[in-house]
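Peer 1: Handing you this structure, nothing more for now.
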Amino acid sequence: MPNSRPSPQSARPGTLSARLRSRNAQMWEQALAMRFVREVTDDTVDDDVFARYLLFEREFVDTAARLAGAAVREAPGPRALRGHSDSLHALVTDQYAYFTKALETTGVPETGPRAHEQASVLTEEALDVADTLGYPGIVTCMYAAESLYATWCATADRSPSARPQVADWVHLHTVAPFTTQVRFLEAEVDALEILPETETELTAVFGRFLAAEVRFHDAAYLDRA
Ligand SMILES: Cc1ncc(CO)c(N)n1
């Protein structure tokens, strides 16, 4: 072993965001291959399934807004304050507008308590991490969620659905302000100054959040009663 013990940063290759993904590579691939993502990408998703997804998604946007609010509260500096405020604003304007319009097209679907309960794991996980790990936990969850969408929507957007409510939603995740937001979050993750044991916790959080994403999307396939 040459030299003395290296600093935590130089001991690990690349950036924290890259390590979060590479150390959860299997879960990352599993999330990208989940049924909902496959079916939206090849435009075979059932209208009913998509409508139920929209309903859960509309509820999740409220969670994302609260999470962004917590990030504003905990923001380490003005750049972070601005970035999270922008994202909170986009959620309660552009995204709310999309949902109102899309749910008018699809109609509000019937969903059962089992599906609701399963979809809510994502909210529970996010708020729990925010309460226990603070800012590093918040940006890790947001980064897991948003980098997942940025990745699968970029692929799905190459062959858009004939159904506008599907195509528009996918497209929204391939352009600004969403893509700007993902880069901002990546920079926030990479700028975290944390102990190695915190990095270990965040790596587990990133994987758990991806697993909760899969549960959330699978909930749209559960029976309605
Ligand atoms: C469930 C879920 N995960 C991630 C995103 C991306 O923001 C989203 N809109 N919904």
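Peer 1: Relative to the longest principal axis of the C-alpha atoms of the chain, give the angle of the C-alpha long axis of helix 78-90, reported between 0 and 90° and rounded to the nearest 10°.
Peer 2: 10 degrees
Peer 1: Let me ask another. Over the range 14-221, average the accessible area per residue using a 1.4 Å probe and give it in Å², no decimals.
Peer 2: 46 Å²
Peer 1: Among residues other than Val175 whose Cβ falls under 15 Å from its Cβ, what is the net charge (Lys/Arg +1, Asp/Glu -1)? It would help to have the intermediate numbers written out before the result.
Peer 2: Numbers: positive: Arg158, Arg183; negative: Asp86, Asp94, Glu146, Asp157, Asp168.
Computed value for this residue: -3.
Peer 1: Could you tell me how many degrees, from 0 to 90 and to the nearest 10, lie between the Cα long axis of helix 96-106 and the main elongation axis, the longest principal axis, of the Cα atoms of the chain?
Peer 2: Once rounded, one gets 30 degrees.
Peer 1: Another question, then. For helix 121-156, what angle does its Cα long axis make with the longest principal axis of the chain, in degrees from 0 to 90 and rounded to 10?
Peer 2: 60 degrees
Peer 1: Using the crude model of +1 on Lys and Arg Cβ and -1 on Asp and Glu Cβ, and no other charge, please compute the dipole size for the chain relative to its Cα centre, in debye to 20.
Peer 2: 600 debye
Peer 1: Continuing with this model, one more query. Equivalent-ellipsoid semi-axes (√(5λ), Cα gyration tensor) for the range 14-221, whole Å, largest first?
Peer 2: Numbers: eigenvalues 147, 65, 55 Å².
The answer is 27, 18, 17 Å, longest axis first.
Peer 1: Which is farthest toward the positive dipole end of the range 1-136 among Tyr53, Thr132, Leu122, measuring Cα position about the Cα centre, with Cβ charges +1 (Lys, Arg) and -1 (Asp, Glu)?
Peer 2: Value computed over the given set: Thr132.
The values are calculated or read from the model by the stated rules, or taken from the named source; none is laboratory data. Worth saying up front: this structure is predicted, and the values here are computed from it rather than measured. Cβ coordinates were reconstructed from backbone atoms using ideal geometry, including for glycine residues, and neighbour counts include every protein chain displayed. Only protein heavy atoms, including side chains, enter the accessible area calculation; ligands, DNA and RNA are left aside. Shrake-Rupley method; radii C 1.70, N 1.55, O 1.52, S 1.80 Å.
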